[in-house]
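Below: the structure, in structure tokens.
No lab work stands behind these numbers, since they all come straight from the coordinates. Since the model is a prediction, treat every value here as computed from it, not as a measurement. Neighbour counts are summed over all protein chains in view; Cβ atoms, including those assigned to glycine, are modelled from backbone coordinates with ideal geometry.
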Amino acid sequence: MRLASAVLGSAVLGSAVFGSAVFVAAVFVALLVGCGSSYQAPAEGPPPIASAASEDQACSRDAECVLVQDCCGCARQGRQLAVRRDRVAALQEAAPAECAAASCPVGASEHRSCGTDRARCLGGRCVPVVE
């Protein structure tokens, strides 16, 4: 009788542990799937881009430079950047994958780059015009 109780108890405990493991795995998968599609591009302003490298910002004149936003944008505590006009499409294409891990706080940014609507070439590098 004791042996039957011990075997039955082990079976109940084993199914409870297995059930908990399945539940935890299901929650993890749900979070993973939900987080994969959580990135939303900034709704206003210049287009969002992936991180810009120095070659994306190299310039020789103002007309080559345009404003873009980082993953969060000025509406969500981000900032504006300036890059070469001919690099925007490639940087935009990479943005969703890179920005998926970004955590963008609610609230407008006070970064000084968010107060401009122009970019220029300064010292061979595209920069936001900040006055």
Worksheet item: Residues with amide H under 5 Å of C65's amide H, sequence separation 5 or more or different chain, H placed in the peptide plane at 1.01 Å from N; which?
Response: R85
Discussion item. Per residue of segment 55-70, what does 6.51 cos²θ - 1.76 cosθ + 1.60 with θ = phi - 60° give for ³J(HN,Hα)? Whole Hz please, x for Gly and Pro, Karplus curve as stated.
Written reply: 5, 6, 10, 5, 8, 10, 7, 4, 4, 7, 9, 9, 7, 9, 10, 6
Discussion item. Can you give me the long-range amide H partners of R120? Hydrogens built in the peptide plane at 1.01 Å from N, cutoff under 5 Å, separation of 5 or more residues or another chain.
Written reply: V127, V129
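Rank these for me by crowding, D62, D117, D70, going from fewest to most other beta carbons within 10 Å. Numbers along the way, then the final one.
Details: D62 14, D117 10, D70 26.
Ranked by crowding around the Cβ, least crowded first: D117, D62, D70.
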Worksheet item: Using mean Cβ contacts within 10 Å as the protection proxy, how do 101-108, 121-128 order, highest first?
Response: 121-128, 101-108
